[in-house]
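Comments concern the structure below.
The values are calculated or read from the model by the stated rules, or taken from the named source; none is laboratory data. These figures come from a predicted structure and were not determined experimentally. Here the Cβ is made from the backbone with ideal geometry for all residues, glycine too, and neighbour counts use every protein chain on show.
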Amino acid sequence: MNLSYVISGFAVGILVGLTGVGGGSLMTPLLTLLFGVSPTVAVGTDLAFASITKATGTFTHKLRGTVNWPIVKLLCIGALPSALLATLGLHYFGALNKEIGQIIRYTIACSVLLTVVALLFKAKMLSWLNSHPEKQLTGAALTIATILTGAVLGVLVTVSSIGAGAIGATMLVLLYPHLSSAEIAGTDIAYAVPLTAIAAIGHWWLGSIHWALLATLLLGSLPGITLGSLAARAVPERFLRILLASTLTLVAAKLIS
């Protein structure tokens, strides 16, 4: 067992528990940059990791009644077919091909930067929407926008393993500003369970999941998430968001360079 993987999983788990940001934004770049794991294998392994951890979170939110199932259904209508198509695309072009790996590396970087935008500007975007209620989507337009959002996230998650955390939550806030923070979190996690599961199965088919690595990451991250969640109230949220956004920006720059 590689102890450095367990420690990394623990550190990422603490950050996820503290900030609520999806582990993919942290774990996938970490595996690629620090441990030299192939981008495709890093994505596949992280997706398998996410499908397990998010299933636990969904069960908790279901018990609390903080999942909006009609929205989950609309997101899945868009996300699941696009995840399957993205998997077929990776198979066609060669998921473990070096050139495709480089493209995936750049996709990870772009997804990380989108996460940074979501972290820094979500509150401002929500404030603007609340002060301009006429700009909020309703009816058929809202339904279509939700399905399209799911489709885009389905591709992002399958190719980069990033998107079902801060990015997905931010899109839900913009589409459904009336939802509570708990409902946003619960709905975001709930639709991500089938999405990450299908994407993970696709990467299993592609041969891009490192099972021993997955086991060591889980060993470290599960207690890390628990400790981070317990400590979250003691750390100023603004400080955490700025620290995380700065770190992710540096990570994205390193991935592109």
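In table form, for the structure just shown:
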read-out	value
Scan of the stretch 181-203 for residues that are small (Gly, Ala, Ser), over 20 Å from Thr87 (Cβ atoms) and touching a helix residue (DSSP H, G or I) at 6+ places or on another chain (Cβ under 6 Å), ordered by number	Gly186, Ala190
Residue within the stretch 130-141 that is assigned to a helix (DSSP H, G or I) and surrounded by 14 or more Cβ atoms within 10 Å (Cβ to Cβ) present	no
Flag for Ala164 being farther than 17 Å from Met125 by Cβ and surrounded by fewer than 19 Cβ atoms within 10 Å (Cβ to Cβ)	no
Test for Ser208: is it in contact (Cβ under 8 Å) with a residue 60 or more places away in the chain, outside any helix (DSSP H, G or I) and polar (S, T, N, Q)	yes
Test for His178: is it farther than 18 Å from Thr87 by Cα and not polar (S, T, N, Q)	yes
Test for Pro70: is it at pLDDT below 85 and either more than 16 Å from the chain's Cα centre (by Cα) or within 19 Å of Ser181 (Cβ to Cβ) (or both)	no
Test result for Leu174, out of contact with any Gly (no Cβ under 7 Å at 6 or more places or on another chain), of a type outside the set (Lys, Arg), part of a helix (DSSP H, G or I) and touching a residue at least 24 places away in the same chain (Cβ under 8 Å)	yes
Boolean, Thr196 is of a type in the set (S, T, N, Q) and at pLDDT 85 or above	yes
Pair list, Cβ under 9 Å, 6 or more apart: the stretch 2-15 residue on the phi > 0 side of the Ramachandran plot, other residue surrounded by fewer than 22 Cβ atoms within 10 Å (Cβ to Cβ) and in a helix (DSSP H, G or I)	none
Every residue from the stretch 230-257 that is modelled with pLDDT under 80, assigned to a helix (DSSP H, G or I) and among the hydroxyl-bearing types (Ser, Thr, Tyr)	Thr247
